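> Please find one structure pasted underneath; my questions will follow.
Values in this text are rule-based calculations from the coordinates and carry no lab data. Remember, predicted model here, so these are calculated numbers, not experimental data. All Cβ positions, even for glycine, are placed from backbone atoms using ideal geometry, and neighbour counts span all protein chains on display.
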Amino acid sequence: MAFDGITIANLTRDLARDLTGGRISRIAQPEPDELLLTIKTGREQRRLLMSASASLPLLYFTSKNKTAPATAPNFCMLLRKHIGNGRILSVTQPGLERIVRFEIEHLNEMGDLCRKYLIIELMGKYSNIIFTDTEDKIIDAIKHISANVSSVREVLPGRPYFIPDTVHKKDPMTITEEVFLAEVCAQPQPVGKAMSQSLTGISPMMGQEIAERAGADGDRPMQALSEAEKLHLFHTLSLLREDIREGRFSPRVIYRGEEPVEFSALPLSIFADCRQVEFPDISQVLETYYAEKSVLTRVRQRSADLRRIVQTTLERDMKKYDLQRRQMKDTEKREKYRIRGELIQTYGYSVEPGASSMTAENYYDEGKEITIPLDPMLTAQENAVKCFERYNKLKRTHEALTGLLAETAAEIDHLRSLQLALSIAGGEEDLAQIKAEMQEAGYIRKRFARGAGKKAKTPASRPLHYVSPDGFHLYVGKNNLQNEELTFRFATGGDWWFHAKGIPGSHVIIKGDGRDLPDVLFEQAGALAAYYSSERQAEKVEIDYIQRKHVKKPAGTKPGYVIYHTNYSLMAEPARVRELQKIED
């Protein structure tokens, strides 16, 4: 989600706590719209990243350094001149605006104490970093905005700085009950949207959250609420702003499965079905969220070609499989032609020359009479031969199609398992392993490095690793090659093996180490097998499980394919994967 006023409030509180009294020891501008400040606070040193990027404005503490250009940009040089070694007096947020204001004390050329303000506006494409004096006159900005670009406010040296009020939103921190009922509740939009469009710093997601906490349907028209519901909505907002004033924040990243879908400074009821991971401060939330999002985006971009190849091949095989099934259905009438041929041979002596049909007793069907069509241009014997030829052709087709159908079905299963592996892939090494498997299967042409006949090494990719509350270790294969490695090389005979029944899914192993396994562990392992299958969105999934020593791999089968007999089964809930702790090996 974009920065909203509540996230900024949490961030401002953290910055004020950690930076007030600190001195700016280094100012760098690694990107045209980005600053990296190094601030010394007592014995500590903190790095603060400020980005006014139109696509991704950011402000948070970071542990990572960035390389600055050899020649500093003009804005960076100006800041070094004025506030280099300056002391941060305060960090504030006006109302619930998406703005953070740093008040900085420094010495001028004459050695006199002066104050300046460094202001970062985190407003999407309107984001900016602006440097002003105590009279709110702009000294400079990282982005210059002229009157030709904006008729609302110029951001140029010498111009006055002010916060433009173009949408006339109300401040949720000071709004009264009367104004809320008269103006916010008069909006024709749904409740959640009316809250976000009428109140400063309230994002659409937080508008939905306030509605949820108030027990109102966020998609219901605001005007349709009763007076009691509107009052309850205002009281819910009042409780929220008290949390903000008192600093009762609980920064967290919200995950749907392994994917981060949102971040928030407060608990979110609207994501009750998702995993919410709390962090010590909002900076760690932002750094984690955007780093993981970046990895997922990069993996999806890199896997686009592989996914397209798998999807195209799968669609082709599905069409081929449907055609083969229709052809197989046609072969079901082969016995009919054999019986006709035998009956013609048996009773053909009585058929008149040129007859178009004959009626005979079918001794294969309790002596019931059957009418057999004949070619009047052929003799009875020739009609019998024609029936046998048709029977033999259908028989050969049936035998050939039996093998072809099995091959096509196996390839479809393999392609679906590749689709699942691509959806689970979490890094470049996972994609490299999947690509290697696709090359071995012939879906991708192999390319060899010039000169050497050495086989290119596939980067190491490890299975997912979880630990149960009882201290047992569970492992999940992320693709077919990992599944084979996990099942046949890593696991021992006494370990337990789990897999979703009849659908593509990961192999899951419990490392028992000779200990007695509690019943709940089997349910948790089943939840992993259900979650890492093609039915992860289902409420329950049937899972097969058996000891590893009973799992076999037939020779010549595709990676990840196994057989087993006399297995146990259970119904697992994918959502129970939350009970397990994921370990980053």
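> Based on Cα coordinates alone, diagonalise the gyration tensor for the stretch 88-134, multiply each eigenvalue by 5, take square roots, and list the semi-axes in whole Å, largest first.
Working: eigenvalues 121, 26, 7 Å².
For the stretch 88-134, the ellipsoid semi-axes come out as 25, 11, 6 Å.
> Between the helical axis of 5-19 and the dominant principal axis of the chain, each derived from Cα atoms, what acute angle in degrees is found, rounded to the nearest 10?
That helix lies at roughly 60 degrees to the long axis.
> Using label points projected 7 Å from each Cα along Cα→Cβ, tell me how many nm separate Ser350 and Thr557, to one decimal.
5.5 nm
> Give the residue from Ser63, Gly22, Leu89 lying farthest towards the positive end of the charge dipole for the stretch 5-141; charges sit on Cβ (+1 for Lys and Arg, -1 for Asp and Glu) and the dipole is referred to the Cα centre.
Farthest towards the positive end: Ser63.
> Moving on. Length gain on complete extension for the stretch Glu523 to His465, per 0.36 nm per residue less the alpha carbon to alpha carbon distance? Display every interim value, and only then the final one.
Values: separation 58, 0.36 × 58 = 20.88 nm, distance 1.66 nm.
This chain segment gains 19.2 nm when fully extended.
> Something else about it: So, in Å, what gap is there between the alpha-carbon centers of the stretch 28-44 and the stretch 465-544?
About 46 Å separates the Cα centre of the stretch 28-44 from the one of the stretch 465-544.
> If you count, for each residue, the other Cβ atoms within 10 Å and average over each peptide, how do 397-409, 132-144 line up from highest to lowest? It would help to have the intermediate numbers written out before the result.
Values: 397-409: 14.2, 132-144: 15.9.
Ranked by mean Cβ neighbours within 10 Å, highest first: 132-144, 397-409.
> If a paramagnetic tag sat 7 Å from the Cα of Gln327 along the Cα-Cβ line, which residues of the stretch 400-439 would have the backbone N under 20 Å from that point?
400-413
> Taking just the alpha-carbon atoms of the stretch 5-141, what radius of gyration and Dmax come out, in angstrom?
Rg then Dmax for the stretch 5-141, in Å: 13.9, 41.
> Additional query: Which translational diffusion coefficient, to the nearest whole µm²/s, is obtained for the stretch 464-583 from the Stokes-Einstein equation, given a Kirkwood hydrodynamic radius over C-alpha pairs, 25 °C and 0.890 mPa s?
Values: Rh = 14.0 Å.
Rounded, D is 176 µm²/s.
> What number do you get for the stretch 43-95 when its Cα radius of gyration is normalised by 2.2 N^0.38 Å, N = residues? List each step's numbers first, then the result.
Details: Rg = 13.3 Å, N = 53, 2.2 N^0.38 = 9.9 Å.
Here the Cα radius of gyration is 1.34 times the empirical estimate.
> In the stretch 537-573, which chymotrypsin sites (Phe, Trp or Tyr not before Pro) are in a loop and have at most 10 other Cβ atoms within 10 Å, using DSSP for the loop call? Please report the intermediate quantities before stating the final value.
Values: sites: Tyr545, Tyr561, Tyr564, Tyr568; in loops: Tyr561, Tyr564.
Here no loop site has a sparse enough neighbourhood.
> Would you order His473, His106 from fewest to most other beta-carbon atoms within 10 Å of each residue's own beta-carbon? Numbers along the way, then the final one.
Values: His473 14, His106 18.
Fewest-to-most ranking of His473, His106: His473, His106.
> Okay, next question. Which entries of Lys66/Lys193; Lys319/Lys393; Lys333/Lys553; Lys478/Lys552; Lys511/Lys558; Lys393/Lys553 show an alpha-carbon separation above 30 angstrom in the structure shown?
Lys66/Lys193; Lys333/Lys553; Lys393/Lys553
> Further question: Report, in degrees rounded to the nearest 10, the 0 to 90 angle that the Cα long axis of helix 428-441 makes with the longest principal axis of the chain.
Orientation of helix 428-441: about 20 degrees from the principal axis.
> Quick check for me: using +1 on Lys/Arg Cβ and -1 on Asp/Glu Cβ, what's the dipole size of the stretch 177-284 about its Cα centre, in debye to the nearest 20? The partial results should precede the final answer.
Working: 10 positive and 18 negative charges, 15 e Å.
With only Lys, Arg, Asp and Glu charged at Cβ, the dipole is about 80 debye.
> Quick one: if you stick a label point 7 Å off each Cα along the C-beta vector at Ser226 and Ser53, how many nm between them?
Inter-label distance under the simple model: 4.9 nm.
> Also, I was wondering about something else. With each pseudo-label sitting 7 Å past Cα toward Cβ, what's the Asn392-Ala406 distance in nm, one decimal?
Result for the modelled spin labels: 2.5 nm.
> Let me ask something additional. Roughly how many whole Å is it from the C-alpha centroid of the stretch 126-198 to that of the stretch 547-585?
That distance is 56 Å.
> Could you please state, rounded to a whole Å, how far the C-alpha centre of the stretch 267-317 is from the C-alpha centre of the stretch 397-444?
23 Å
> So what's the convex hull volume per residue for the Cα atoms of the stretch 258-321, in Å³? Intermediate values should be presented prior to the final figure.
On the way: hull volume 6.5 nm³, N = 64.
Dividing the Cα hull volume of the stretch 258-321 by its residues yields 102 Å³.
> Roughly how many debye, to the nearest 20, is the charge dipole of the stretch 464-583 about its Cα centre, given +1 on each Lys and Arg Cβ, -1 on each Asp and Glu Cβ, and no other charges? Mind showing how you got there, number by number?
On the way: 15 positive and 14 negative charges, 93 e Å.
So the dipole magnitude of the stretch 464-583 works out to roughly 440 debye.
> Mind jotting down the three principal axis lengths of the stretch 177-284 based on Cα atoms? Whole angstrom, largest first.
40, 29, 20
> Determine, at each q value in 0.10, 0.15 (inverse angstroms), the log₁₀ of I(q)/I(0) that the Debye formula gives when each Cα of the stretch 283-408 is one equal point scatterer.
-0.55, -0.82
> Which loop-located trypsin sites (Lys or Arg not before Pro) does the stretch 53-119 contain, where loop means any DSSP state but H, G, I, E or B and the Cβ has at most 15 other Cβ atoms within 10 Å?
Counting only loop positions with at most 15 other Cβ atoms within 10 Å, the trypsin sites (Lys or Arg not before Pro) in the stretch 53-119 are Lys64, Lys66.
> Taking +1 at the Cβ of each Lys and Arg and -1 at the Cβ of each Asp and Glu, which of His550, Gln439, Pro251 sits farthest along the dipole of the chain towards its positive end, judged by Cα position relative to the Cα centre?
Gln439
> Using the Cα centre of the chain as the reference point, and only Cβ charges (+1 on K/R, -1 on D/E), how large is the resulting charge dipole? Debye, rounded to the nearest 20.
Details: 82 positive and 81 negative charges, 505 e Å.
Computed charge dipole of the chain: roughly 2420 debye.
> Another one. How much length is gained on full extension from Asp305 to Asp243, taking 0.36 nm per residue of separation minus their Cα-Cα distance?
Working: separation 62, 0.36 × 62 = 22.32 nm, distance 4.74 nm.
This chain segment gains 17.6 nm when fully extended.
> Within 10 Å of each candidate Cβ there may be at most 11 other Cβ atoms; applying that plus a DSSP loop requirement, which GluC sites (Glu not before Pro) in the stretch 51-130 survive?
Numbers: sites: Glu97, Glu103, Glu105, Glu109, Glu121; in loops: Glu97, Glu109.
Listed in order of number, the matching sites are Glu109.
> Determine, from the Cβ-Cβ distance of Arg256 and Thr176 and an R0 of 41 Å, the FRET efficiency 1/(1 + (r/R0)^6), rounded to the nearest 0.05. The partial results should precede the final answer.
Details: r = 38 Å, r/R0 = 0.93.
Step by step, r from the Cβ atoms, then E = 0.60.
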